1. Can you compute the modelled spin-label distance between Ser314 and His146, with each label point 7 Å from Cα toward Cβ, in nm?
2. State to the nearest 20 debye the size of the charge dipole of the chain about its Cα centre, where the only charges are +1 on K and R beta carbons and -1 on D and E beta carbons.
3. Under the Karplus relation 6.51 cos²θ - 1.76 cosθ + 1.60, θ = phi - 60°, what is the ordered set of whole-Hz ³J(HN,Hα) values for region 34-41, x standing for Gly and Pro?
4. Relative to the present Cα-Cα distance, how much length would full extension add between Arg275 and Thr159 at 0.36 nm per residue of separation?
5. Can you compute the label reach from Ala182? Point 7 Å from Cα along the Cβ direction, backbone N cut-off under 16 Å, restricted to region 136-166.
6. Can you give the Rg and Dmax of region 60-199 based on its C-alpha atoms, in angstrom?
7. Which shape class, rounded, prolate or oblate, goes with region 188-299 when its Cα gyration tensor gives a ≥ b ≥ c as root eigenvalues, a/c under 1.5 marks rounded, and past that a/b bigger than b/c marks prolate?
8. Given 0.36 nm per residue, what is the gain on full extension from Glu339 to Val133 after removing their alpha carbon distance, in nm?
Amino acid sequence: MPREALTSTGEVTVSQNVTATLPDGRPVTSWTLAAPRGVSAEVLGLGARLQALYAPDRDGVPANVVLGCDGVEDLLGEAVYLGATVGRYANRIAGGEFPLGGATHRVAAPPGGHALHGGTDGFASRLWDGVAVREGRRAGVRLRLHSPDGDQGFPGALTAEVTYLLDPAGELWIGYRATTDAPTVVNLTNHAYFNLAGEGDGTVLDHLLRVEAGGYLPVDPGLIPVGPVAPVDGTPFDLREARRIGNRFAEGNRQILRAGTGFDHNWVLDGHGFRQVAALSHPASGRRLDCLTTEPGIQVYTGNHFDGTLIGRSGRPYGAYAGVALETQHFPDSPNRPEYPSTVLRPGEEFRSMTVYRFSAE
């Protein structure tokens, strides 16, 4: 069906289209946000998902720079996290349980394993309600989801919102809000995988990555943090100056091997408040992505376990290192680590978080 223009700031336009149908017959809506300088985004109601993000290279030629699949079967299966809003608790909770309010809460996890991204039926597989919005010169879509008390084992009824706003200058703003009627834990993030060469175009091993962090969290074989923050000095995790990703893996570091010969770790970001925390660039195309956030950590995952079974929107398979996720968030297993920044949300409080992806060409 044709796209319907919903709102415009004069420079950024928003349109919507029903693009798919779930097995139970519910329609899946897609919103397209378009800015005048060649940056545009597609957002799906299924998983409140960043389905595509187009950015120009140094010659002004745009390409989709996030991984994604079109089929609903994939988006509810192996591709469930690609570009999705993950929660109620992004990342891992050790053993699938945590203490809160004098009780131990057990959340969805595989037998003998750890909870990941909110459980087996987390927010990434839910259909969110969406409406076009405008804030100043930015325009986009606000999506909302109600998570009832006991959902995947989490206490409290939670109402979550994520708002995608595109700026005329080519900045994608992603804002999160949540409220609850009983004490719970919340950690929301976006799980887009970036490849600045273009979706399905080789690997990110030739990308340069900088992360503003003097420390990171080493992990055990289950990728649960094993202790206090460790300094990045003298390790492959020192990205305070831009480094070629592939070169970081060639050193045989035990932590790199533990994550499947790559990164799947949380960096403890320098500074507080809204600030720039990371930059990803692709020298061949000139595309550069700067990441700004309010969050204390960023989980960098280099797609180590992609094995070619997923076929992307380009029609090409996703092999190892097909994309890199820059997941701004609180730390993994924080509900079990009182020394980490708290992820507890109580009635009368509001969870708020903001992350911005800013594109440029060099």
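1. That separation, rounded to one decimal, is 4.2 nm.
2. 360 debye
3. Rounded to whole hertz, the list is 10, 10, x, 9, x, 8, 8, 9.
4. 39.1 nm
5. 147-159, by backbone N distance to the label point.
6. Every Cα atom of region 60-199 included, Rg and Dmax give 16.7, 57 Å.
7. oblate
8. Roughly 70.3 nm would be gained on extension.
Each value in this text was obtained by applying a stated rule to the coordinates, not by laboratory testing. Quantities reported herein were computed from a predicted structural model and do not represent experimental measurements. Please note: Cβ atoms are built from the backbone with ideal geometry, for glycine as well, and neighbour counts cover all protein chains shown.
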